[in-house]
Structure formats: C-alpha cells, structure tokens
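Here's the structure, in structure tokens; my notes come after.
The values are calculated or read from the model by the stated rules, or taken from the named source; none is laboratory data. All of these numbers come straight from a predicted model, not from anything done at the bench. A quick note on method: Cβ atoms are made from the backbone with ideal geometry, for glycine too, and the neighbour counts reach across all protein chains shown.
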Amino acid sequence: MNVAKVLDAKGLACPMPVVRAKKAMDELESGQVLEVHTTDKGAKNDLPAWAKTSGHTVIDMKEENGVLTFWIQKG
Amino acid sequence: MTKTISVKEIANKIIRGEELFIVDARNPEDFADWRIEGKGVEVVNIPYFDVLDGIEPYLDRLPKDKSKTIYAVCAKGGSSEFVAEQLEAAGYMDVYSIEGGMKAWSEHLEPVKIGELKNGGTIYQFIRLGKGCLSYLVESNGEGALIDTNRMTDVYVRFAKDHGIAIKHVFDTHLHADHISGGRKLAEELGAVYYLPPKDAEEVTFSYTPIQDGDRIRVGHVVIEALYSPGHTIGSTSFIVDDQYLLTGDILFIDSIGRPDLAGKAQDWVGDLRETLYQRYKQLADDLIVLPAHYMGPNEMNEDGSVAERLGVLYEKNHGLNISSDEEFRRTVTENLPPQPNAYKEIRQTNMGKLHPTEDEQREMEIGPNRCAVR
C-alpha cells in the first residue's frame, strides 16, 4: 500500500484523533492514503463513520497492543 | 471556555420534569442504541465529526431562538466541548457540555425519598437514569438494608454515612443479567450479611446467606419479609417492607412485566412467571406500593421523580397483568422479545463470581439500554 502520510494521534482523546485526521486529509489529493495511529477506543467507530460521511474509504484497519491503525483513502 | 454541567444537575432537571434540549455528539450507531431520556427531554444527534467545519449544516435541527439553553453530550465529555464551541460560534448563547458524557451518565445514581415507614424509618429509591436500574435503601432506627444495588458502591456507602445509617443487610432479588451487582462488595465493605435466593446462586463461587420464602429480617423497627416469586429467574424473590412496600425485582414493573429468557429458560419459566403474577401477587394487599428494580421509560416516572405505583392500580392498568389466556401469556413473554441486554451472559457470570472484569470492562459490559421487560 502506498501511504502518502502518517498521522500519529496516539495518546489523544476524542475528538482530537478525528480532528487531526481531517486536517491531515485536507492536505492530501484524492486517491492518496492516510495512515492513522490512535489509542482512543472511541475512534474505532468514529473514524470509519467520519470517513464515510466525508466520502473517504477505510481500506484497512488493525488493532495491536492497544494501538488502532487505520488506512484511509481520500475520496 | 465552554461551560460545563454535571450529570447530577442533568439528573435533577430531568426528575423535576424540566425541558432540556440536548445535542448528542456521538456516532449515529451509539445514539440509536441508547441516549438520555426524560419527560421534557428533546435530543438530536449531531455527530461531532460531521461538524468539524462548523454546525451550519445542522442549523435546521437546532432551536431558532439562539438564547435557548443547549446541553451537548458525547461518550466521555471531550467531543461535546468541541460541539459546544461550534454551537457558540454559530451564535448560541447558553451552551453547556455535560461533564463525563454518557459514561458518567450511565453510572450516576440519584436518590429519591419514597416515603416514611409506619413503624419508624424511611425508604429511598436510587435511580440510575442512564440505565433504568432502581435500587433501594431501607432505614429504621439507624440500621439499614440495601436491595438490588449497582456496582457504584461508593454512592450507597456515602449516603449511609451521611445519614448515620449502619447497613446490616444487603439483598439481591435475583441473579442480575443486566447490571453488575454491588451487593457482595458492599456486604464485605460494610460488614453486612449478603443474601441471595439459593436457586439463583447454585453456581456462585463465593459464600452468601440464602434467603427463603417467608424469611423475616428485622431492620431497626421494621421487618423485611421474603416472598418467593419465580419467573424472571427461578430464584426471583420479592421483599415486602413494613407491610407497605412490595419490592418486585425484575418480575413486575410499572408498565410491563419481567422476561423469563435471560438465563435461556423462557419456556421453562413462563409458568412460574404466570403463577407469580396471577396468583401469588394477586393474594397480596392492593394498597402495597410496588417498587421495581427497573423502569423502561419516562412515562413510568411519577411527578416527584420516583418510580412507584399501588399494586391495585397495576392490576387495572398494566397490560402484562391482564392477559386472560395462558397461551397468549406464553406467546407474549416468549416471542418477539426485545434484544437481550448487551453482554448479559458475561454479566451473569460476573455476578456469580466466575468472571473478574476490570472497572473499564465492567462499564463496557453494562453500556446500553435496559432490556429486562416485555410489554
């Protein structure tokens, strides 16, 4: 996977992971992929929900040692 | 800086029947599952991640009057501050963020005095508005008993201390499947006796005192009498307090009746439930005040915030007490049941002492609405 940008949002509480993800996404071009790392459990549902309403696509996600990683493609 | 408000203040407003306009900033899935409810509560779902650039797309769902008070809530209290700021940016002048969010809301207990006992004493109802759980404290001559407590044990401990009450007895009407009981912990902490109906306690891993039909426990000047009343579970036991109050556990609610299926025994227990509701309770005095372990909606709450009604009134008005055919009753309580409470199997195992979840895990297990009743 070609990741255009990595966002480290670990340790940040809701709403910051999504706020940062949006800012990072604003700087990308359509089709590019943002990788987001977060430790906020709320982000598990909220990041995909945000991506959906913003027209982005969650390509993949994993959960490892309490860190959630999302790969989101800009719509 | 956004203004904040505590869940206690919100609880008091709801109990007083005040009108509240709430913006719930969680994702639509969580909002659909459960939310703040109350007689005067109007709540709209505006996910925080939909308003990162401003609240404008949602203006048509908000009050036209910008001076109207708006309370924002989210899962834990972070995103609601963000949404509150967005509301202020859009010109709303009186916006509060609810501290601790739905997490705090789900754990808040609000005590309401139900009444005096004729032999001297008081009975209090602790209302868990976020989950619809009701627990009780009976006090007489400085002694106290707790019934169907929640896991937030500090609330009962503090209340008893503030009122100079020595808790001697802790009861559970049955092995709960919707919330984690605070009973065992409270009994240990306060040096009280912990009673459970033995038929519900066959698999528990700790020692307890069995409560049997007809047992009479003295608390100060009053007596709590046990009445075996199976149906929600095989052990379900009701308590008659001072010949005035009937604590029904999850057998009989104000506007609904218990469901027999949470231990996977719907067909086996439906006959017990029928007999309890249509024979055992029927023989009791009509003027007993029914105090259930749950309520489902704001319509079951009285003007003073209490959830209580005369048994005679329930025999007139509660649909579940007015089903004449056995077959129809069986169908009502075994078919088309609402979804089972979240994590009810794990909650039962925790209450048996078989699982030992952390506090975070316990909170997670209990999150969501109450689903112990059938209408």
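Assuming B:Gly54 fulfils every condition listed in (1) at positive phi; (2) in contact with a Gly (Cβ under 8 Å, 6 or more places away or on another chain) apart from one, which condition is it?
(2) is the only condition that B:Gly54 fails.
Which numbered condition in (1) surrounded by 14 or more Cβ atoms within 10 Å (Cβ to Cβ); (2) under 23 Å from B:Phe31 (Cα atoms) is the only one that A:Thr53 fails?
(1)
Of all residues in the stretch B:189-245, count the ones that are closer than 18 Å to B:Leu262 by Cα, assigned to a loop (DSSP other than H, G, I, E, B) and touching a residue at least 12 places away in the same chain (Cβ under 8 Å).
12
Give me the strands (runs of 3 or more DSSP E) completely within chain A, filtered to those with at least 2 residues that are charged (D, E, K, R), ordered by residue number. Write out each step before concluding.
On the way: elements: A:3-9, A:33-38, A:57-64, A:67-73.
Result: A:3-9, A:57-64.
Tell me, which residue of the stretch B:42-91 that is more than 13 Å from every other protein chain (Cβ to nearest Cβ) and crowded, with 21+ Cβ neighbours inside 10 Å is nearest to A:Lys23 (Cα to Cα)?
Within the stretch B:42-91, the match that is nearest to A:Lys23 (Cα to Cα) is B:Ile55.
Quick one: how many residues across the stretch A:22-50 are of a type in the set (A, V, I, L, M), under 10 Å from the mean Cα position of the chain (by Cα) and facing another protein chain (nearest Cβ under 9 Å)?
In the first step, residues of the stretch A:22-50 are kept if they are of a type in the set (A, V, I, L, M); the result is A:24-25, A:28, A:33-34, A:36, A:43, A:47, A:49.
Cutting the leftovers down to under 10 Å from the mean Cα position of the chain (by Cα) gives us A:24-25, A:33-34, A:36, A:43, A:47.
Going one step further and asking which of them are facing another protein chain (nearest Cβ under 9 Å), we end up with A:47.
Matching residues across the stretch A:22-50 total 1.
Does at least one position in the stretch B:228-238 carry a residue that is touching a strand residue (DSSP E or B) at 6+ places or on another chain (Cβ under 6 Å), farther than 28 Å from B:Gly130 by Cα, modelled with pLDDT of 95 or more and assigned by TED's automatic domain parsing to the domain that holds B:Gly132?
yes
Does the stretch B:295-302 contain at least one residue that is out of contact with any Gly (no Cβ under 8 Å at 6 or more places or on another chain), assigned to a helix (DSSP H, G or I) and loosely packed, with under 15 Cβ neighbours inside 10 Å?
For the stretch B:295-302, residues out of contact with any Gly (no Cβ under 8 Å at 6 or more places or on another chain), assigned to a helix (DSSP H, G or I) and loosely packed, with under 15 Cβ neighbours inside 10 Å: present.
Yes or no: the stretch B:162-173 includes at least one residue that is out of contact with any Lys or Arg (no Cβ under 7 Å at 6 or more places or on another chain), among the polar types (S, T, N, Q) and part of a loop (DSSP other than H, G, I, E, B).
Within the stretch B:162-173, the first condition is being out of contact with any Lys or Arg (no Cβ under 7 Å at 6 or more places or on another chain), and the residues that meet it are B:162-173.
After this cut, where a residue has to be among the polar types (S, T, N, Q) as well, the list is B:173.
Narrowing further to those that are part of a loop (DSSP other than H, G, I, E, B): B:173.
Yes, there is a match, as at least one residue in the stretch B:162-173 is out of contact with any Lys or Arg (no Cβ under 7 Å at 6 or more places or on another chain), among the polar types (S, T, N, Q) and part of a loop (DSSP other than H, G, I, E, B).
Looking at the stretch A:1-19, which of the residues that are out of contact with any helix residue (DSSP H, G or I) (no Cβ under 6 Å at 6 or more places or on another chain) and either of a type in the set (A, V, I, L, M, F, W, C) or buried (at least 17 other Cβ atoms within 10 Å of the Cβ) (or both) is farthest from B:Arg26 (Cα to Cα)?
Keep residues of the stretch A:1-19 that are out of contact with any helix residue (DSSP H, G or I) (no Cβ under 6 Å at 6 or more places or on another chain), which gives A:1-4, A:6, A:8, A:10-13, A:16, A:19.
Keeping just the survivors that are either of a type in the set (A, V, I, L, M, F, W, C) or buried (at least 17 other Cβ atoms within 10 Å of the Cβ) (or both) gives A:1, A:3-4, A:6, A:12-13, A:16, A:19.
Details: A:Met1: 31, A:Val3: 29, A:Ala4: 29, A:Val6: 25, A:Leu12: 17, A:Ala13: 14, A:Met16: 14, A:Val19: 14 Å.
For the stretch A:1-19, the residue satisfying everything is A:Met1.
State all residues of the stretch B:77-93 that are over 13 Å from B:Tyr48 (Cβ atoms) and touching a residue at least 60 places away in the same chain (Cβ under 8 Å); if no residue qualifies, say none. Please lay out each step first, then the result.
Restricting attention to the stretch B:77-93, the residues satisfying the condition of being over 13 Å from B:Tyr48 (Cβ atoms) are B:88-93.
Residue satisfying the conditions is B:Glu88 alone.
State whether the residues of the stretch A:24-31 include one that is touching a strand residue (DSSP E or B) at 6+ places or on another chain (Cβ under 6 Å) and over 27 Å from B:Asn45 (Cα atoms). Let's see the steps before the verdict.
Our first condition is that a residue be touching a strand residue (DSSP E or B) at 6+ places or on another chain (Cβ under 6 Å); within the stretch A:24-31, this holds for A:24-25, A:28.
Narrowing further to those that are over 27 Å from B:Asn45 (Cα atoms): A:28.
Yes, that holds for at least one residue.
Go through the stretch B:88-122 and give me each residue that's of a type in the set (A, V, I, L, M) and out of contact with any Gly (no Cβ under 6 Å at 6 or more places or on another chain).
Pass one, the stretch B:88-122, residues of a type in the set (A, V, I, L, M): B:89-90, B:93, B:95, B:98, B:102, B:104, B:109, B:112, B:114, B:117.
Across the stretch B:88-122, the qualifying residues are B:Ala89, B:Ala90, B:Met93, B:Val95, B:Ile98, B:Met102, B:Ala104, B:Leu109, B:Ile114, B:Leu117.
Take the residues in the stretch B:23-36 that are hydrophobic (A, V, I, L, M, F, W, C) and touching a residue at least 24 places away in the same chain (Cβ under 8 Å), then tell me which one is nearest to B:Lys76 (Cα to Cα). Please lay out each step first, then the result.
Initially, the stretch B:23-36 is screened for residues hydrophobic (A, V, I, L, M, F, W, C), giving B:23, B:25, B:31-32, B:34, B:36.
Of the ones still in play, those that are also touching a residue at least 24 places away in the same chain (Cβ under 8 Å) are B:23, B:25, B:34, B:36.
Values: B:Val23: 14, B:Ala25: 10, B:Trp34: 14, B:Ile36: 14 Å.
Looking at the filtered set, the residue picked out is B:Ala25.
Inside the stretch B:280-296, can you point out the residues that are over 25 Å from B:Gly130 (Cβ atoms) and aliphatic (A, V, I, L, M)? Don't jump to the end; show me each part of the working.
Going residue by residue through the stretch B:280-296, those that are over 25 Å from B:Gly130 (Cβ atoms) are B:280-288.
Correct list: B:Leu284, B:Ala285, B:Leu288.
In contact (Cβ under 8 Å) with a residue 40 or more places away in the chain, surrounded by fewer than 21 Cβ atoms within 10 Å (Cβ to Cβ) and either assigned by TED's automatic domain parsing to the domain that holds B:Ile98 or assigned to a helix (DSSP H, G or I) (or both): does that describe B:Lys39? Don't jump to the end; show me each part of the working.
Working: in contact (Cβ under 8 Å) with a residue 40 or more places away in the chain: yes; surrounded by fewer than 21 Cβ atoms within 10 Å (Cβ to Cβ): yes; either assigned by TED's automatic domain parsing to the domain that holds B:Ile98 or assigned to a helix (DSSP H, G or I) (or both): yes.
So B:Lys39 fits the description; yes.
Given (1) polar (S, T, N, Q); (2) closer than 18 Å to A:Pro15 by Cβ; (3) surrounded by 22 or more Cβ atoms within 10 Å (Cβ to Cβ), identify the lone condition not met by B:Ser140.
Condition (2) is where B:Ser140 drops out.
Within the stretch B:104-119, which residues are more than 17 Å from B:Asp304 (Cβ to Cβ) and touching an Asp or Glu at 6+ places or on another chain (Cβ under 9 Å)?
B:Ser106, B:Glu107, B:Leu117, B:Lys118, B:Asn119
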